[in-house]
1. Going by the structure shown, is Ala94 of a type in the set (Gly, Ala, Ser) and either modelled with pLDDT of 50 or more or assigned to a strand (DSSP E or B) (or both)?
2. Which residues, taken from segment 1-39, are surrounded by fewer than 12 Cβ atoms within 10 Å (Cβ to Cβ) and of a type in the set (A, V, I, L, M)?
3. Please verify whether Ala53 is small (Gly, Ala, Ser) and crowded, with 20+ Cβ neighbours inside 10 Å, treating the condition exactly as stated.
4. Return the residue satisfying two criteria in turn: it lies in segment 6-21 and is without any contact (Cβ under 8 Å) to a residue 40 or more places away in the chain and assigned to a loop (DSSP other than H, G, I, E, B), and of such residues it is farthest from the chain's Cα centre (by Cα).
5. Residues being outside any helix (DSSP H, G or I), within 25 Å of Ser68 (Cβ to Cβ), free of Cβ contacts under 8 Å to residues at least 40 places away in the same chain and of a type in the set (Val, Ile, Thr): count how many of those fall in segment 22-57.
6. What are the residues in segment 47-78 that are hydrophobic (A, V, I, L, M, F, W, C) and either touching a Lys or Arg at 6+ places or on another chain (Cβ under 6 Å) or under 15 Å from Ile9 (Cβ atoms) (or both), if any?
Amino acid sequence: DASFRPQLILLDLHLPDIDGIEILRRIKAADEWRAIPVVLLTTSATDGEIARAYSNHAISYLVKPIGSDESKELIHVLCSYWFGKNRCPKICVAIDEVQHVPIAPQLRRGDYQAKTASTV
């Protein structure tokens with residue numbers, strides 16, 4: 001849907017066919033997507049990866065726990081904070097690194113509405 005414009009993108013750094021930093025670069029290169037905040041979620045935390053994320057305009061770099069329940073809780077806390085405290089439109093995008101599919105439908109709780117996007 002061309003009218004879909006998320007208010008926050010949760011992006012995994014390690015994807016099967018493309019590097020998450022490359023997706024971040026594409027987001028930030030597109031005029032209509034540049035202002036959307038991007039949070040990187042990953043299982044690794046090397047200084048080089050963190051530096052690359054911030055130098056490509058990520059607003060945050062979160063190391064997610066190994067377990068899926070803990071990962072979902074981390075995303076829930078982030079979305080609750082972002083949409084509850086910031087009072088921005090309530091849309092959240094997340095991509096699961098294990099299943100490589102949007103996971104936002106499983107996050108529908110609290111006062112935010114989860115919405116998915118599978119491509120940028």
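The values are calculated or read from the model by the stated rules, or taken from the named source; none is laboratory data. Treat the numbers as computed from the prediction; the structure is a model and nothing was measured. In this analysis, Cβ positions are derived from the backbone assuming ideal geometry, glycine residues included, and neighbour counts consider all displayed protein chains.
1. Spelling it out, Ala94 is indeed of a type in the set (Gly, Ala, Ser) and either modelled with pLDDT of 50 or more or assigned to a strand (DSSP E or B) (or both).
2. Ala2, Ile18, Ala29, Ala30, Ala35
3. For Ala53, the condition - small (Gly, Ala, Ser) and crowded, with 20+ Cβ neighbours inside 10 Å - is met.
4. Among those residues, the one meeting the criterion is Asp17.
5. Final tally of qualifying residues: 3.
6. Answer for segment 47-78, where residues must be hydrophobic (A, V, I, L, M, F, W, C) and either touching a Lys or Arg at 6+ places or on another chain (Cβ under 6 Å) or under 15 Å from Ile9 (Cβ atoms) (or both): Ala53, Ala58, Ile59, Leu62, Leu74, Ile75, Leu78.
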